[in-house]
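Worksheet: the structure to be examined is printed underneath.
The values are calculated or read from the model by the stated rules, or taken from the named source; none is laboratory data. A quick note: this is a predicted structure, and the numbers were derived from the prediction, not measured. Backbone-built Cβ (ideal geometry, glycine too); neighbour counts: all protein chains shown. What goes into the accessible areas is simple: the full protein's heavy atoms, side chains included, and nothing from ligands, DNA or RNA. Shrake-Rupley method; radii C 1.70, N 1.55, O 1.52, S 1.80 Å.
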Amino acid sequence: MNQRMYGLGSRRSVIREIFEYGKARAAKVGAENVYDFSLGNPSVAPPQAVEDTIAQLLQGKDMTALHGYTSAPGDMETREAIAAHIRTCFGFAAADAGHIYMTCGAAASLTISLSAICNAGDEVLTFAPYFTEYKVFAETAGARLTALPSDPASFQPDLSALEAALSPKTAAVLVNSPNNPSGVVYGRETVKKLAALLAQKEREFGRTIYLISDEPYRELVYGGVEVPYLPAYYKDTLVCYSYSKSLSLPGERIGYIFVSPQAADADALYLAVCGAGRALGYVCAPSLFQKVVARCQGMTGDVSVYEKNRNTLLSALTEYGFSCVRPDGAFYLFVRSPEPDANAFCERAKQYDLLLVPGDDFGCAGYVRIAYCVSPAMIARSLPAFQKLAKSYGL
Ligand code: PLP
């Protein structure tokens, strides 16, 4: 058998490990007494329009078409609706259906994009902390993932580290804003500098460096913070989008890739995206949910619940003596561990039935991730446990 695949299948991710522990613990002490902050599974319901659209579609006449294969890149009606949304919402007039490819969520968007871009031996650069699966996805595409530091005071990307790391082997730079796990949003100035640096290096090396924007949390921002639309700043951009978080549909596996028509070799790259989807065996994205998202563009679940959770947790943890960069988006806090070993900190947190994820797997030792996409009631119940945990460290 393939030993790499065996290795991936036989080692459960740390997050899954903690989640399983939480279920076993809940069976013992009661679910209401376990504060599981391990998984990024949305806790707010999809907007009512999603349920209504599903009901309407199921009342249609042609169930064979509804559940049948769509064309490989996706239903034209869906791709048109997405292109129109990109044009009106982000003012990106060049968006067209011919450069949108429907996928089974951001994970598929990323594996397909990386496979479309990379050749064996290429390098993909990203910034730590980063989504744990990036390494797996890049290696599946035959590339090597190198994680660069972020500024620890802000978790904004360290662009001088990027400048030093970019080389003729760099095929792509992969960014994620709003970020999992830091919650940080890259501001306009940062994006402009990043774009200028990549354009300069493209000229210097005489090769295209694609920017992959992984943005499943685009709409999950608080206090009116802007999330710059990267294709408007850098021409060689691919957007990897997902409805998992915005519409609370992670189990339905639906998202898309948008290859900017302004990118170098855009038409050929789009065909490479189609080829990668084919090679990876995706066939097409789920038919029913392609039709659902076509009718629910621009909608979200009740994001105010996450904002409330962020505010409650951030102010309580800060008051108890923990430190954390203020997150403007997504639904995670990335908290500094009061002891150097975040794994030891997570073990101690377990004694108070607080289930947190060590930052090591996100490429950032010494931190823990708290996924606050849980009910506000659970957040309130968990606060005394956080306070005891802080006291146990003398904070
Ligand atoms: N990228 C990031 C940063 C994520 O946090 C996630 C999921 O949590 C994904 C990609 C994968 O998303 P999806 O469930 O849409 O495949």
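Numbers at a glance
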| item | result |
| --- | --- |
| Residue list for segment 165-193, filter: over 21 Å from the mean Cα position of the chain (by Cα) and within 23 Å of Asn119 (Cβ to Cβ) | Ala165, Leu166, Ser167, Pro168, Lys169, Thr170 |
| Some residue of segment 246-260 being of a type in the set (S, T, N, Q), buried (at least 21 other Cβ atoms within 10 Å of the Cβ), within 16 Å of the ligand (Cβ to nearest atom) and farther than 15 Å from Leu174 by Cβ | yes |
| Number of the exception - Tyr186 against (1) within 16 Å of the ligand (Cβ to nearest atom); (2) touching a residue at least 40 places away in the same chain (Cβ under 8 Å); (3) outside any loop (DSSP other than H, G, I, E, B); (4) over 15 Å from Tyr210 (Cβ atoms) | (3) |
| Filter result for the condition that a residue is within 30 Å of Val173 (Cβ to Cβ), more than 16 Å from the ligand (Cβ to nearest atom), more than 18 Å from the chain's Cα centre (by Cα) and among the small types (Gly, Ala, Ser), over Ala294, Ala276, Ala263, Ala285 | Ala263 |
| Selection count, segment 87-103, where residues are over 19 Å from the mean Cα position of the chain (by Cα) and open to solvent by less than 40 Å² (accessible area, probe 1.4 Å) | 6 |
| Conditions (1) over 25 Å from Ala264 (Cα atoms); (2) in a strand (DSSP E or B): number failed by Ala153 | (2) |
| Failed item in (1) of a type outside the set (Asp, Glu); (2) away from the ligand (no atom under 16 Å from the Cβ); (3) modelled with pLDDT under 95, with Thr132 passing the rest | (2) |
| Ala106 vs. criteria farther than 17 Å from Thr170 by Cα and buried (at least 23 other Cβ atoms within 10 Å of the Cβ) | yes |
| Residue within segment 115-129 that is in contact with a Cys (Cβ under 9 Å, 6 or more places away or on another chain), more than 23 Å from Val259 (Cα to Cα) and within 16 Å of the ligand (Cβ to nearest atom) present | yes |
| Hits in segment 51-77 (condition: closer than 21 Å to Met299 by Cβ and either among the acidic types (Asp, Glu) or in contact with a strand residue (DSSP E or B) (Cβ under 6 Å, 6 or more places away or on another chain) (or both)) | Glu51, Asp52, Gly74, Asp75, Glu77 |
| Positions within segment 292-350 being over 26 Å from Ser392 (Cα atoms) and either touching a strand residue (DSSP E or B) at 6+ places or on another chain (Cβ under 7 Å) or buried (at least 23 other Cβ atoms within 10 Å of the Cβ) (or both), in sequence order | Val292, Val293, Tyr306, Asp328, Gly329, Ala330, Phe331 |
